[in-house]
Number of protein chains: 2
Amino acid sequence: MHQLRKPYLLFLGDVTLKSDAKTAFGLRDWCADAVLGEWSLPAATVSLGLPRLSPQQAAQQGAGSLVVGVAAVGGALPEHWLAELEAALDAGLDIVSGQHSRLSAFPRLVQAAQRSGARLIDVRHSDQTFPAGSGRKRSGQRVLTVGTDCALGKKYTALALAQALQKQGAAATFRATGQTGVMIAGEGVAIDAVISDFVAGAAEQLSPDNAPGHWDVIEGQGALFHPAYAGVTLGLLHGSQPDALVLCHDPARQTIEGYPGYPIPDLQVAIDRYVEAGRLTNPAVRCVGISINSSSLSDVEWDAYASRLRSQLQLPVVDPMRGGVDAIAKALLQA
Amino acid sequence: MHQLRKPYLLFLGDVTLKSDAKTAFGLRDWCADAVLGEWSLPAATVSLGLPRLSPQQAAQQGAGSLVVGVAAVGGALPEHWLAELEAALDAGLDIVSGQHSRLSAFPRLVQAAQRSGARLIDVRHSDQTFPAGSGRKRSGQRVLTVGTDCALGKKYTALALAQALQKQGAAATFRATGQTGVMIAGEGVAIDAVISDFVAGAAEQLSPDNAPGHWDVIEGQGALFHPAYAGVTLGLLHGSQPDALVLCHDPARQTIEGYPGYPIPDLQVAIDRYVEAGRLTNPAVRCVGISINSSSLSDVEWDAYASRLRSQLQLPVVDPMRGGVDAIAKALLQA
């Protein structure tokens, strides 16, 4: 389980495309309280609109980590970023990275970390060993976001739902299972990086026993209908033992992204399959709502689509970006 | 993908319980042609009934690897085995181990391997990186053994079925997905040791495109009804894209082994769930037979049980240890 030291300094390298800084924007938006500022190289043209702080200044203001908030081209850290990262380590900041290449592959960074005692943390990788799943029922309540595909709002929905539950007075914790989620929460597991035998066990550890009224809001991964990642999804579902599921969907998608031969399932079929699979470790699991990424729809289209779905499925239908997820939080707390 | 060098010398350490030498007996029985002999320490009381050969003698007779054929207590190699393993490396033999602890954790072995150029191979681990699954349909035919639980005959059934298909004149290859299977086949992947994101991709690589009439007989892992390992099972099922499934079952088992709260599913339910899941990557998948581990039944009980199941499920029902799997091989070739 990754445990990160907040608050963060967000590092943007020499980014020139906003889309390459998705992680940094996500952190700015979802853990604003834990972000002190941003830092970048002179060639960068994208800013988060936060105070500019050098690693040394950020350390003086109490920062715990410098987070690499941009996707490096090809997944490898460019050589010319290393001086800044080394300076951060020397100032006592941990470096947190979600790149494919490991920070420990750079001897300069390893040496600097040894000098200062700061840590190199690759949230995309998981070096921890986990026990196998136990199947033991845990106390507390759990809701898991699941999807008709990857990358259509499962993390965003879980973050919004945890906030909405808290706003309605419930105790709720966002549980991160992907690299950006781990950075936002400051802890969690990149579940798709865990050795397959231990995925359910890692999911069990991620949401331990809790108070009866407490909700863990668990970030889903993959999709049961995905030819590459369904196994990850199933292990996470079984280990999470959710009491409730929220199904995430993008009506603009006809087939699984990158897999043109694989159609997106009908929503009722998707609900039935997730509930059927989830019953193994929690016979009481139910779907409590639908979260739609409706960015392809006009307001009029969205209204028509949402009300059609509501009457078809007899469930709350929301878009976190269009009116929020309160209806689902309410359904969770009423049940 | 592990690639082992045959033929083997089987090393028994100082084993005194036959059950601790399960791997060695399995290799003796299933790849007799590739086993030159056995070797053990003076304290060993179990023998495979094979010629006794020292590592040097085995190397002279053309052996490629010394296989550690016993389970070491606690999963770690005992210190007093190392001299024999070092001698084997010095004689040019690879060492193949299925223990939890890695061979490379022993500097003596690493140095000996460097001296001779021989390899240290931990079949329980997987250091290879695999691509994500593609979902692309491959040529050739595939049958996968699946189960109502773990450890009830999926490997044994797959080995027997590959032999039965060959005997009936078909081209067939056993594809190993577990450590003992990999040792028997001389190649394969310990699929439960693969990072979860790449399980389906590893399964795709394990049974590549093949001639239209060729059958890959793929060793199954875990069970869809297992609270810890169902994700591994699903990833393997999706990546294998089987045309046919053989369901393995032990009628003496009431609950998942080690998970008393988890009942073994009804056989028709199990068939339906495996076929439903398998349809994602091969819509034509069907269950072609049931393989029973009937060791708990008398001959009379077995006859009654098997004929009841046959009429209930309308499928061939076999026990590989009691009459073989020819009926399932025939069903595969007729379809």
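Taken together, the values in this text are just the output of simple stated rules run on the coordinates, not laboratory data. Please read these numbers as outputs of a predicted model, since none were measured by experiment. Don't worry about glycine lacking a Cβ; one is built from the backbone with ideal geometry, like all the others, and counts go over all protein chains shown.
Computed FRET efficiency, Cβ-Cβ of B:V73 and A:S295, R0 60 Å: what is it to the nearest 0.05?
0.55
For A:A306, what charge total do you get from the other residues with a beta carbon under 10 Å from its beta carbon, if Lys and Arg give +1 and Asp and Glu give -1?
Within the 10 Å Cβ shell, the charges total 0.
In Å, what is the Rg of the alpha-carbon atoms in segment A:176-335, and how long is Dmax?
16.0, 47
How large is ³J(HN,Hα), in whole Hz, for each residue of segment B:105-110 in order, when computed from phi with the Karplus curve 6.51 cos²θ - 1.76 cosθ + 1.60 and θ = phi - 60°, using x for Gly and Pro?
6, 10, x, 4, 6, 4
Put a label point 7 Å from Cα along the Cβ direction on A:A170, then list its distances to the equivalent points in the other copies in nm, shortest first.
5.2
According to the square roots a ≥ b ≥ c of the eigenvalues of the Cα gyration tensor, what is the shape class of segment A:20-60, taking rounded for a/c under 1.5, prolate for a/b larger than b/c otherwise, and oblate for the remainder?
Oblate is the answer for segment A:20-60, as a/c is 1.5 or above yet b/c matches or exceeds a/b.
If you take every DSSP beta bridge whose two residues both sit in chain B, what share of them, in percent to the nearest 5, is antiparallel?
10
Which is the longest run of chain A containing none of the trypsin sites (Lys or Arg not before Pro) found in DSSP loop states (not H, G, I, E, B) with at most 13 other C-beta atoms within 10 Å?
Result, exposed sites excluded: A:138-278.
Within a Cβ distance under 10 Å of A:S65, other residues only, what is the Lys/Arg minus Asp/Glu net charge?
Residues close to A:S65 contribute a combined charge of +2.
What ranking do B:Y156, B:Y8 get, fewest neighbouring Cβ atoms within 10 angstrom at the top?
B:Y156, B:Y8
Over segment B:52-193, what relative contact order in percent results from Cα pairs under 8 Å that are six or more residues apart?
Across segment B:52-193, relative contact order equals 17 percent.
Given label points at 7 Å from Cα along Cα→Cβ, what nm distances, shortest first, separate A:T45 from the same residue in every other copy?
The answer, with the shortest distance listed first, is 8.0 nm.
Consider just the alpha-carbon atoms of the protein assembly as shown and return their Rg together with their Dmax, both in angstrom.
27.2, 83
Which percent, nearest 5, of DSSP beta bridges in segment A:141-334 are antiparallel?
10
Starting from the amide H of A:R175, placed 1.01 Å from N in the peptide plane, find each other amide H under 5 Å away whose residue is 5 or more places distant or on another chain.
Hits under the 5 Å cutoff: A:V217, A:I218, A:E219.
Compute the angle between helix B:299-313 and the longest alpha-carbon principal axis of chain B, please, reported from 0 to 90 degrees and rounded to the nearest 10.
50
Output the pairs from A:K22/A:K155; A:K6/A:K167; B:K167/B:K330; B:K6/B:K154; A:K22/A:K154 with a Cα-Cα distance over 19 Å in this structure; if there are none, say none.
The pairs that break the limit, which is 19 Å between Cα atoms, are A:K6/A:K167; B:K6/B:K154.
May I ask for the net charge around A:D149, where only other residues with Cβ less than 14 Å from the Cβ of A:D149 are counted and Lys, Arg are +1 while Asp, Glu are -1?
+1
Using the basic label-point model (7 angstrom from Cα toward the beta carbon), what is the B:Q205 to B:A32 distance in nanometres?
Those two pseudo-labels are separated by 3.4 nm.
222 nm [θ] for the protein assembly as shown, helices only, -39500 (n - 2.57) per DSSP H run of 4+, per residue, to 500?
-9500 deg cm²/dmol
Using amide H atoms built in the peptide plane, which far-off residues or other-chain residues are under 5 Å from A:D319 H to H?
A:I292, A:G324
Going by a ≥ b ≥ c, the root eigenvalues of the Cα gyration tensor, does segment A:108-187 fall in the rounded group (a/c under 1.5), the prolate group (a/b larger than b/c) or the oblate group?
The shape class here is prolate.
For the pair A:H100 and B:E276, how long in nm is the line joining their label points, each one 7 Å along Cα→Cβ?
Placing both labels 7 Å along Cα→Cβ, they lie 3.6 nm apart.
Per residue of segment A:76-88, in order, report the coupling 6.51 cos²θ - 1.76 cosθ + 1.60 (Karplus, θ = phi - 60°) as ³J(HN,Hα) in whole Hz, putting x for Gly and Pro.
9, 5, x, 3, 7, 8, 5, 4, 5, 5, 5, 4, 5
Towards the positive end of the charge dipole of chain A, with charges on Cβ (+1 Lys, Arg; -1 Asp, Glu), say which of A:A113, A:H238, A:L12 has the farthest Cα.
It is A:H238, whose Cα lies furthest towards the positive end.
Run the numbers on segment B:115-210 and let me know its relative contact order in percent, using alpha-carbon pairs under 8 Å that are six or more apart.
Averaging sequence separation for qualifying contacts and normalising by length gives 39 percent for segment B:115-210.
Using Cα atoms only, what is the angle between the long axis of helix A:230-240 and the major principal axis of chain A, expressed in degrees (0 to 90) to the nearest 10?
The two axes meet at around 80 degrees.
Once you order the gyration tensor axes a ≥ b ≥ c over the Cα atoms, which shape class does segment A:1-142 get: rounded for a/c under 1.5, otherwise prolate or oblate by comparing a/b with b/c?
Prolate shape, in that a/c is at least 1.5 and a/b is the bigger ratio.
Could you tell me the relative contact order of segment A:2-122? Use alpha-carbon pairs under 8 Å, at least six residues apart, and round to a whole percent.
Relative contact order comes out at 26 percent.
Nearest 0.05, what FRET efficiency do B:R286 and B:E257 give at R0 = 30 Å with Cβ-Cβ as r?
Once the sixth-power term is evaluated, E becomes 0.65.
Would you kindly work out, in nm and rounded to one decimal, the distances from the label point of A:G213 to those of the same position in each other copy, ordered shortest first, with label points 7 Å along Cα-to-Cβ?
7.2
Give me the angle, in degrees from 0 to 90, between the Cα long axis of helix B:267-278 and the longest principal axis of the Cα atoms of chain B, rounded to the nearest 10.
Here the helix axis deviates by roughly 80 degrees.
Give me B:V217, A:V70, B:V269 sorted ascending by neighbouring Cβ count inside 10 Å, so fewest comes first.
Exposure proxy ranking, most exposed first: B:V269, A:V70, B:V217.
Across segment A:179-193, in residue order, what do the Karplus-derived ³J(HN,Hα) couplings come to in whole Hz, using 6.51 cos²θ - 1.76 cosθ + 1.60 with θ = phi - 60° and x for Gly and Pro?
With coefficients 6.51, -1.76 and 1.60, one gets 4, 5, x, 4, 5, 5, 6, x, 7, x, 9, 7, 5, 6, 9 Hz.
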